[in-house]
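Here's the structure, in structure tokens; my notes come after.
The values are calculated or read from the model by the stated rules, or taken from the named source; none is laboratory data. None of these values were measured; they are calculated from a predicted model. Here the Cβ is made from the backbone with ideal geometry for all residues, glycine too, and neighbour counts use every protein chain on show.
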Amino acid sequence: MSAKMWAGRFSKEVDEGVNAFNSSISFDCRMYRQDIRGSIAHATMLGQCNIIPLEDSKEIIKGLEGILADLDSGALEIDMSAEDIHMFIEAELTKRLGALGKKLHTSRSRNDQVALDIRLYLEQEIIEIKELVITLCTSLIEMAKKHTQTVMCGYTHLQRAQPITFAHHLMAYTQMLLRDIDRLCDCRKRMMSACPLGSCALAGTTYEIDRHFTAAALGFDGPCENSLDGVSDRDFCVELGCALSLIMTHLSRFSEEVIMWCSWEFKFIELDDAFATGSSIMPQKKNPDITELIRGKTGRVNGDLVTLLTMLKGLPLAYNKDMQEDKEAIFDAVDNTKLCLKTFIPMLDTMRVIADNMKKAASRGFINATDCADYLTKKGMPFREAYKLTGSLVADCISKGIGLEDVPLEDYKSLSDLFDNDIYDAIDLSSCTMKRKSYGGPAPECVKVQIEDACKILEKYKA
Ligand code: ARG
């Protein structure tokens, strides 16, 4: 192990175990590009503000670019005994440039450096996750277009409730995911509004640095307003953690439905063989492991969010080493959300929809009972009375083992004069689905509007 940068203050080398305990390089090494990008902006600013000679700044930038190229190509390996990525890159620069490399850290601290690096790193991840959610929405919309006439049963309390279409169901998930995209954009906007670089350790600096320059060079709206906040703010990690937890929650709810739908009890869908798994003992099994794992990983991503919130809740200003724990949590949330999206999308794209079984399920369970009550109400009976009459009619049908459509007209008429032959059309499964034309409803023309509007929103996000 090489001597520590702070060796001047200490009379002993740090204990091996403490060094390993303290180290974050095993997980912050993934931010090396962002660290170098931040250092280049900082070095440029130091030169322009005459804090170091312009020539020195140019040499330092060249040195940093060389390190970046060598890390990218694999010519240079990250030294895992370094404390963190910031220390490693600075040490490597000094190895290459000698005393010149030691000038880079003028008017800077690892505290503002790490606050910057995480933002730059997460910005890239947000862009990628957003792309994936857009792709998922596009898949859902394409599938919905094919199923605007596919009647299925809508449920409440997992009990058959009222008729909808499969497209209507899919477009509900699309709405959830569109909100997710919006949250990601919002999160990115706030994260990139205030650049922490130049906050230094906590109290700014006596050097005449140009924080507006570095902020602009790194793609921020401007520098953060308060240096203490600059180094101690991790709200953006929490915000992204929330956005990811919600994405996972949506995937998990969808997964739960897929799990039910591919059971023999439902058989609304059949997963492609490439996206299902078998059993080691039961030859007949075809299991929806992917969706179960997504449901499981949702707990883990929620856990990451709780880790972040708990890490922050008792921290005094400004930087505290506890904050090093932010990275594993948010990286885990990011990695797993991406992994789940990347697996869920092709699984969805390849699954077979069994429309017949959806229709069969919809034709049992009296999901046209509301339509029967509405029929009477439209003919003048107060809704509550119609509701009660239909309820006892359903109970009677259950005891006889028939459906509402099997009740003879005389029996209907014996219950109310308002019943006529047109009752059979009113409670016909297909017609009572197609007539649900209220805005946002399942009728094909309404779902088409939902599809068109969602497409417009997606186009905006793609741009
Ligand atoms: N590895 C540290 C982290 O991730 C970098 C900042 C260290 N700052 C310090 N004063 N020890 O938070």
Just checking, does the stretch 436-445 include any residue being in contact with a Lys or Arg (Cβ under 6 Å, 6 or more places away or on another chain) and closer than 24 Å to LYS145 by Cα?
yes
For ALA99, work out the one condition from (1) without any contact (Cβ under 8 Å) to a residue 12 or more places away in the chain; (2) in contact with a Leu (Cβ under 6 Å, 6 or more places away or on another chain) it doesn't fulfil.
(2)
Lone qualifier among ALA172, ALA144 - being more than 29 Å from PRO223 (Cβ to Cβ), of a type in the set (Gly, Ala, Ser) and either touching a Lys or Arg at 6+ places or on another chain (Cβ under 8 Å) or surrounded by 23 or more Cβ atoms within 10 Å (Cβ to Cβ) (or both)
ALA144
Among the candidates VAL18, VAL14, which residue alone is outside any loop (DSSP other than H, G, I, E, B), within 16 Å of the ligand (Cβ to nearest atom), of a type in the set (Val, Ile, Thr) and free of Cβ contacts under 8 Å to residues at least 24 places away in the same chain?
VAL18
Of ARG364, ARG300, which residue is modelled with pLDDT under 95, on the phi < 0 side of the Ramachandran plot and more than 16 Å from the ligand (Cβ to nearest atom)?
ARG364
Would you please list the contacts, defined by Cβ atoms under 7 Å and residues six or more apart or on different chains, that run from a residue in the stretch 84-96 that is closer than 15 Å to SER24 by Cβ and modelled with pLDDT of 95 or more to a residue that is polar (S, T, N, Q) and within 12 Å of the ligand (Cβ to nearest atom)?
ASP84/SER23; ASP84/SER24; HIS86/GLN113
With the condition kept exactly as written, say whether any residue in the stretch 178-192 is within 16 Å of the ligand (Cβ to nearest atom) and either within 30 Å of ILE51 (Cα to Cα) or not aromatic (Phe, Trp, Tyr) (or both).
no
Out of (1) within 16 Å of the ligand (Cβ to nearest atom); (2) among the acidic types (Asp, Glu); (3) under 22 Å from GLU125 (Cβ atoms), what's the single condition that is false for ASP322?
(3)
Considering only residues of the stretch 421-433 that are in contact with an Asp or Glu (Cβ under 9 Å, 6 or more places away or on another chain) and without any contact (Cβ under 8 Å) to a residue 40 or more places away in the chain, which is farthest from LEU404 (Cα to Cα)?
SER431
Some residue of the stretch 22-40 being of a type in the set (A, V, I, L, M, F, W, C), over 26 Å from LEU68 (Cβ atoms), within 15 Å of the ligand (Cβ to nearest atom) and assigned to a helix (DSSP H, G or I):
no
Kindly provide the set of residues from the stretch 352-382 that are within 44 Å of the chain's Cα centre (by Cα) and loosely packed, with under 13 Cβ neighbours inside 10 Å, ordered by number.
ARG352, ASP356, ARG364
Qualifying position, being without any contact (Cβ under 8 Å) to a residue 60 or more places away in the chain and of a type in the set (Asp, Glu), among GLU270, GLU257:
GLU257
